[in-house]
Amino acid sequence: MREKKNSHSYFNVGYPSSGIFSKFNLKKFNNSTLLKDEEVKILEKNGCWAEDWKQIHVKRPFDPTLVHGTGFYGNVYIGRIEKGFIQFHGVSHPIGIYGCQITSSCIDDYSSLTMSTISESLIGRNVIIHNCAELSTDPDTFKKPVIIGAGNERSGREAILFNGITMQEIWLQTHLKSNDLMQQFLAEFSAQKLSAATPYSVIEDNCVIENTKAVRSVKMGRRGVISGATRVEECVIGSSPAGRTAICDNAVVKQSFMGSGVNIESGAFVEQCFLDKNVTVKQFARVIQSAVGCNSTIACGEVQSSFLAPLHEQHHNSSFLIAADIGGQCNIASGANLGSNHNSRTNDGEMVAGRGFWAGLITSVKYCSTFAPFTLLAKSSFGYELDIKLPFALVSDNVKENTLDVMPAYWWRHNMYALFRNNWKFQKRLGKGSDGIEYQFMAPDTAEDIQNALELLKSYKKKIPAYELENSARKVQILGIDEGIKAYKEMLLWYGVSTVLAWLKKPGVVPGKYDDIPIDGSKKVWGWTNVCGHLVCNVDLKQLAQDIEKGDFISWDDVEERFERFDLEYPKTRFAHALHILAVLYGRKQFDHQMQEKIKRDYEKLSEKIKKQIIATRKKDFENKFRKNILKEDDCLVEILSII
């Protein structure tokens, strides 16, 4: 459900979900009055001047002794001013207006404005604006669309940004481009949002702007901070009391939209982007023409023309990511070069990777390449396009034997600790409000990829076709096919039973027998799509597109409601899918008592194996001879490495 919009807001930002700015109205200043003659005299004595004092409107109480050295031009509305201070980072800022130039603006109650130039802006309560060379508005800015090409450097995957946009809405615009009629409706929905935009810069309650050269055509939600930035232009900053957004320390941000809790700092450069909530861009990173999902971190490297789902990590020097579509929970290592080596006559190549993609140190990939979820690329320079269909695989370029080596289910077979640690880590990063984002490594999408991989491995036992996994005629080695098949089946068992158990623990769910529940034991695949971290059945996604085409939806709000419904229904659908996977795995069509008992025994046995494997893979760190050479005492080992 959407939260109610705040009626006390200048532009009515609904926190945290809607972020939609409505038109400013002057009801807040209904009780304002013109300045009294004695107040004008005090202001002039304090070095203030006005183009026309009759255009200055104030709310009571108003203390003119707290306004010094300020020039007023056009209609200016000033809220209550009384003696007091506003604290920020240990510094007390006096309430009042000192050494400013203000043109055609509204300033709400108890704000502190010092040494700043402000033009055509709406400023909320308890706002600090200090040493801002320019806070201004180009009225046409908010009517002009900001168009990004997330996923391709050419003009193939454009999305129009607007106030309140979500990553799912960007996904619809960039991923279903062949559906022309639907795209026409989506463009109309975006045009509606743009036409409703307020033609002013808006700085909401409790915001801070300090020591910044230029803030132009910006809308900033409550508690937002711009401190020491070089330039912020044509941006919508969806800060909120629940998540303060901050742009600091020589950052440059242009034509970008962002959610709450975003941090852009340390010389970072962001242009024509959408940053979802709790995204961090820092340490001179460059992010251009991209959409970045929530709870992601980008530092030092460069990202351009990419669509990155939630929990993306890229925080090392020299990493380079261009024209990529990555499903989230990703890690781009130092020196990774993904996107500079196009093999067509224009820069229209793409790379598509599922959830959990991990590019190793100094890895180079040739475009166009695709990767199944949780693919790990070993340190290599891959000279041919890749199509890796085996999830959780380790992929390496065997230079000595001139082969492509692929180990299916590598993570499950050799690094169980990391898999389960990721579940804990991603859940912690998302916090309580995961907003329907799937963070577990085993989910409907990866389960079905494993189903497909099982069939592939069976065929690979006979022969691996040329040009199947790599665009070359050289040999491809599948390392441990039988072990991979066994591991994949274990993963399906763990997914099925753990999902059922989690569902039965939910409040209001009564555990019962499944003897009378007919189960489709055929090997058919339901089909799931990762819509920026939200898993949606292909049938539901197709129905959404059809409803948009038929004109059943009249705005983006209707689309948002449908995605909200998908999220609400997902846990139950996931449960039903898990039952289906178990039925396929055991080749049965009913969960009779005999089947349930067998599944229970197999799951208990598997759980014990998982426990041992987690301990064994982590225990290596405590038994490593060379590590012990540094951490010589066992107590020190535990202290540094933490517990298993």
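The table below lists the values:
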{"item": "Carbon/sulfur fraction of accessible area - the chain, other protein chains in place, 1.4 Å, %", "result": "51 percent"}
{"item": "Relative intensity, log₁₀ I(q)/I(0), of the stretch 206-365 from a Debye sum that treats every alpha carbon as a point, q = 0.08, 0.10, 0.16, 0.21 Å⁻¹", "result": "-0.22, -0.34, -0.81, -1.25"}
{"item": "Per residue convex hull volume, Cα atoms of the stretch 348-457, in Å³", "result": "128 Å³"}
{"item": "Translational diffusion coefficient (Stokes-Einstein; Kirkwood radius from C-alpha pairs) of the stretch 230-298 at 25 °C, 0.890 mPa s, in µm²/s", "result": "219 µm²/s"}
{"item": "Hull shadow area, averaged, the stretch 275-332 [alpha-carbon convex hull, nm²]", "result": "3.0 nm²"}
{"item": "When the chain is reduced to its Cα atoms, the Kirkwood hydrodynamic radius in Å", "result": "27.3 Å"}
{"item": "The stretch 420-470 and the stretch 249-281: distance between their alpha carbon centers, rounded to Å", "result": "30 Å"}
{"item": "Helix-only mean residue ellipticity at 222 nm for the chain, each DSSP H run of n ≥ 4 adding -39500 (n - 2.57), per residue, nearest 500", "result": "-9500 deg cm²/dmol"}
{"item": "Tail weight of P(r) past 22 Å, computed on alpha-carbon pairs of the stretch 178-292, percent", "result": "31 percent"}
{"item": "Solvent exposure of the chain as accessible area per residue, Å², 1.4 Å probe", "result": "44 Å²"}
{"item": "Summed residue charge, Cβ within 10 Å of Ala299's Cβ, Lys/Arg positive, Asp/Glu negative", "result": "-1"}
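The values are calculated or read from the model by the stated rules, or taken from the named source; none is laboratory data. The structure displayed is predicted, hence computed values, not measured ones. Here the Cβ is made from the backbone with ideal geometry for all residues, glycine too, and neighbour counts use every protein chain on show. Note: accessible area is taken over every heavy atom of the protein model, side chains too, but ligands, DNA and RNA are not part of it. Shrake-Rupley method; radii C 1.70, N 1.55, O 1.52, S 1.80 Å.
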